[in-house]
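Heads up, the thing below is written out as structure tokens.
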Amino acid sequence: SVCLAGVLAGCGDGDDPVVTPAPKKAVIVMEKYVLQFAPESAKDVGGMLKDENVGQEVTALGIVGDIASGRASFRLVDPSVKECRSCVEFWKYTCTPAKEFQAQSVNVEFFDGGNLLREDIVNFHGLYHFARVAIRGKLAKDGVGNYNIEATGFFVAQPSELNVKQTEALKKIE
């Protein structure tokens, strides 16, 4: 299961990740993906994946999980999946069995000129661990069964409580 991998990766007590703003290049390119309103007919990730609309435009609603470092990519997780709060990196959902996690999550990627955008997007317009996000894009499935959405737009429906607390703490320090 994924939990074992999480234990090997160093689950335990630790501080929450530090909030850092997205780099300027990512901000400029990513602005075209920001939706001003929540897209209609969004389905929770698990329900959207059950429909298996591979190659089609989909709209998914989920929780931001692991955010890739140095790439405009993150894992969107069905709201029914519970995070593993006993791990330092609890946004990776390491207590959920791998097969269940795969069936209830999708990788979201942002491209620029046909290439995956190679910039950090943490905290861009509220993209942060546990934010509730609606994603619009084209669904794909790779050879080993992982689902991906090539995003054409996103809307942060509910900011991450974790991000709000850390942002407030940083303001007190300044």
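The values are calculated or read from the model by the stated rules, or taken from the named source; none is laboratory data. Remember, predicted model here, so these are calculated numbers, not experimental data. Glycine gets a Cβ as well: all are built from the backbone with ideal geometry, and neighbour counts include every protein chain shown. Just so you know, the surface numbers come from the protein's heavy atoms only, side chains and all, with ligands and any DNA or RNA stripped out. Shrake-Rupley method; radii C 1.70, N 1.55, O 1.52, S 1.80 Å.
Answer yes or no: is there a residue in the range 115-122 that is free of Cβ contacts under 8 Å to residues at least 12 places away in the same chain, assigned to a strand (DSSP E or B) and either surrounded by fewer than 19 Cβ atoms within 10 Å (Cβ to Cβ) or touching a strand residue (DSSP E or B) at 6+ places or on another chain (Cβ under 9 Å) (or both). Yes: the range 115-122 contains one or more residues that are free of Cβ contacts under 8 Å to residues at least 12 places away in the same chain, assigned to a strand (DSSP E or B) and either surrounded by fewer than 19 Cβ atoms within 10 Å (Cβ to Cβ) or touching a strand residue (DSSP E or B) at 6+ places or on another chain (Cβ under 9 Å) (or both).
Looking only at the range 135-163, filter to residues that are modelled with pLDDT of 90 or more, among the aliphatic types (A, V, I, L, M) and within 20 Å of ALA103 (Cβ to Cβ); which one of those is surrounded by the most Cβ atoms within 10 Å (Cβ to Cβ)? Taking the candidates together, the pick is ILE135. For the range 123-134, the set of residues classified as open to solvent by less than 30 Å² (accessible area, probe 1.4 Å) and out of contact with any Gly (no Cβ under 9 Å at 6 or more places or on another chain) consists of PHE124, GLY126, LEU127, TYR128, ALA131, listed by residue number.
Look at SER86 and say whether it is open to solvent by 70 Å² or more (accessible area, probe 1.4 Å), over 21 Å from LYS141 (Cβ atoms), within 13 Å of the chain's Cα centre (by Cα) and modelled with pLDDT under 90. Quick ask: steps written out before the conclusion?
Numbers: open to solvent by 70 Å² or more (accessible area, probe 1.4 Å): yes; over 21 Å from LYS141 (Cβ atoms): yes; within 13 Å of the chain's Cα centre (by Cα): no; modelled with pLDDT under 90: yes.
It is false that SER86 is open to solvent by 70 Å² or more (accessible area, probe 1.4 Å), over 21 Å from LYS141 (Cβ atoms), within 13 Å of the chain's Cα centre (by Cα) and modelled with pLDDT under 90.
For the structure I just gave you, tell me whether VAL81 is touching a helix residue (DSSP H, G or I) at 6+ places or on another chain (Cβ under 6 Å), modelled with pLDDT of 85 or more and among the aliphatic types (A, V, I, L, M). It would help to see each step written out before you state the result.
Values: touching a helix residue (DSSP H, G or I) at 6+ places or on another chain (Cβ under 6 Å): no; modelled with pLDDT of 85 or more: yes; among the aliphatic types (A, V, I, L, M): yes.
No, not satisfied.
What single numbered condition from (1) at pLDDT below 80; (2) of a type in the set (Val, Ile, Thr); (3) part of a loop (DSSP other than H, G, I, E, B) fails to hold for VAL54? All conditions are met except number (1).
Within the range 89-108, the only residue that satisfies the criterion of being at pLDDT below 90, open to solvent by less than 50 Å² (accessible area, probe 1.4 Å) and within 17 Å of ASN123 (Cβ to Cβ) is TRP91.
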